[in-house]
Amino acid sequence: MKITHTEIFKLTIPMEPFVIATEVCSATQNIFIRIHTDEGIIGMGECSAFPMLVGETQNTCFEIAKDFARITKGLNPLDIIGILKLLDQYIAFNSTIKSAWDIALNDISAKASGLPLYAFLGGIKKDIHTDLTIGIDTPEKMAEKARQFVANGVTIIKVKLGKNGEEDVRRIKLIREAVGYSIQLRVDANQGWDMETAIRTLNAIAPYSIEFCEQPIHHHFDHQLPEVRKQSAVKIMADESVFNHYDAIRLIEADAIDYINIKLAKSGGILEAQKIADAAGERGIPCMLGGMTESRLGLTAKVHFAMTHPNIQFYDLDTCLLGQYEDPVIGGANYNNYHLEVSDGAGIDADIDETFLEKCEKIVV
């Protein structure tokens with residue numbers, strides 16, 4: 001089997017503005033690719049760029065994608081490890097656009113095997129129960145949003161914090177008062193606090209029963225994470241500090257974290273994500289699977305991957321519920337009362353509607 005050509009699309013989906021400590025998202029910055037082969041099998045891949053996290057934009061991903069398509073043309077798509085190594089040799093970092101290739105190549109191999117992606121990767125179906133995230137707003141508006149979530153059946157809420165420590169405490173206080181203690185609360189500071197603010201804020205919100213806090217301080221200050229963890233009454237999860245399994249091992253061995261958030265767009269795709277989950281599992285650190293602002297196609301790849309590793313125990317897979325105004329995906333994963341389900345069709349078993357793609361900037365290489 002050989003790759004004949006690759007279609008590359010800028011997949012921009014307008015969305016309700018979503019505020020985190022470092023960024024405001026009003027539209028997806030996604031790239032969708034279709035890798036075509038001489039046997040008629042087409043691999044689907046998608047990535048979602050978050051500039052403040054990964055240092056990539058939709059435009060940079062689009063330009064690098066052209067090079068990747070040229071480099072991989074004529075190669076055997078079943079040689080996933082070989083192709084990904086070639087892409088790493090061509091350019092360092094750029095994990096976001098590399099993840100689209102990783103997903104599409106795995107999709108081709110799974111389809112060639114006649115298996116759903118999770119089965120091709122050696123997984124089995126399991127319950128994937130996602131949280132739903134509240135973006136940063138006034139404490140009162142966030143509490144009201146939490147009430148609406150619970151009324152709609154949400155039982156796990158993730159709360160974005162990191163703008164102001166004192167106000168963050170009030171946010172959690174009002175949210176907990178609004179939803180009671182039967183609802184799980186987890187928080188994410190997105191690197192927004194300094195060490196002193198993190199320790200003070202985490203200990204202040206601990207009485208409100210917080211499951212864990214993601215990335216309390218900037219990754220530049222990873223050396224301070226062990227002290228934050230030591231003094232915090234809330235468990236610490238690394239996100240922006242872990243791009244690969246080397247990062248994971250470094251932080252675990254420094255006693256800096258309790259958990260790790262894996263994202264395909266950070267790790268470069270499934271291959272490295274597996275290494276992170278393995279390294280963490282071997283050292284007794286459970287993982288969460290999260291994401292950026294992927295469409296339901298990218299989400300589907302993540303759900304398949306989540307079913308492949310017992311050490312992935314938490315799920316932050318609400319990307320398509322965060323106010324995307326359109327759903328251009330055909331097939332793919334579905335939400336069933338915040339539990340995610342995938343079909344047993346071969347590969348990812350999802351595509352993007354052609355009518356939507358006609359509106360997108362495109363190139364074929």
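The values are calculated or read from the model by the stated rules, or taken from the named source; none is laboratory data. Small disclaimer: the values here were computed from a predicted structure and weren't measured. Note that we place each Cβ from the backbone using ideal geometry, even for glycine, and neighbour counts take in every protein chain shown. We work out accessible area using only protein heavy atoms, side chains counted, and drop any ligands, DNA or RNA first. Shrake-Rupley method; radii C 1.70, N 1.55, O 1.52, S 1.80 Å.
So here's what we get for this one:
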| quantity | calculated |
| --- | --- |
| Test: residue in segment 267-288 that is open to solvent by 10 Å² or more (accessible area, probe 1.4 Å), modelled with pLDDT of 95 or more and under 17 Å from ILE128 (Cα atoms) | yes |
| Some residue of segment 23-39 being over 29 Å from GLY345 (Cα atoms), touching a residue at least 40 places away in the same chain (Cβ under 8 Å) and surrounded by 18 or more Cβ atoms within 10 Å (Cβ to Cβ) | yes |
| Subset of segment 79-90 [outside any loop (DSSP other than H, G, I, E, B) and farther than 12 Å from ILE64 by Cβ] | ILE80, ILE81, GLY82, ILE83, LEU84, LYS85, LEU86, ASP88, GLN89 |
| Conditions (1) closer than 21 Å to LEU297 by Cα; (2) open to solvent by 10 Å² or more (accessible area, probe 1.4 Å): number failed by GLY43 | (2) |
| Every residue from segment 141-163 that is open to solvent by 70 Å² or more (accessible area, probe 1.4 Å) and among the polar types (S, T, N, Q) | GLN148, ASN152 |
| Single residue of segment 230-245 satisfying the filter (in contact with a Phe, Trp or Tyr (Cβ under 9 Å, 6 or more places away or on another chain) and open to solvent by less than 50 Å² (accessible area, probe 1.4 Å)) that is farthest from THR22 (Cα to Cα) | VAL234 |
| Selection within segment 189-226 - more than 17 Å from VAL159 (Cα to Cα), acidic (Asp, Glu) and not in a helix (DSSP H, G or I) | ASP194 |
| Residue among PHE149, PHE93, PHE62 that is part of a loop (DSSP other than H, G, I, E, B), of a type outside the set (Lys, Arg) and out of contact with any Phe, Trp or Tyr (no Cβ under 6 Å at 6 or more places or on another chain) | PHE93 |
| Criterion violated by GLY165 - all others in (1) farther than 28 Å from ASN336 by Cα; (2) out of contact with any Lys or Arg (no Cβ under 7 Å at 6 or more places or on another chain) satisfied | (2) |
| Identity of the residue in segment 103-139, under 30 Å from LEU161 (Cα atoms) and of a type in the set (A, V, I, L, M, F, W, C), that ends up surrounded by the most Cβ atoms within 10 Å (Cβ to Cβ) | ILE134 |
| Lone qualifier among VAL234, VAL154 - being within 21 Å of ILE285 (Cα to Cα) and assigned to a loop (DSSP other than H, G, I, E, B) | VAL234 |
| Residues satisfying the stated conditions in segment 175-229, i.e. farther than 16 Å from LEU132 by Cα, hydroxyl-bearing (Ser, Thr, Tyr) and open to solvent by 40 Å² or more (accessible area, probe 1.4 Å) | TYR181, TYR208, SER209 |
| Number of positions in segment 326-365 that are over 20 Å from THR130 (Cα atoms), open to solvent by 50 Å² or more (accessible area, probe 1.4 Å) and either within 20 Å of the chain's Cα centre (by Cα) or among the hydrophobic types (A, V, I, L, M, F, W, C) (or both) | 5 |
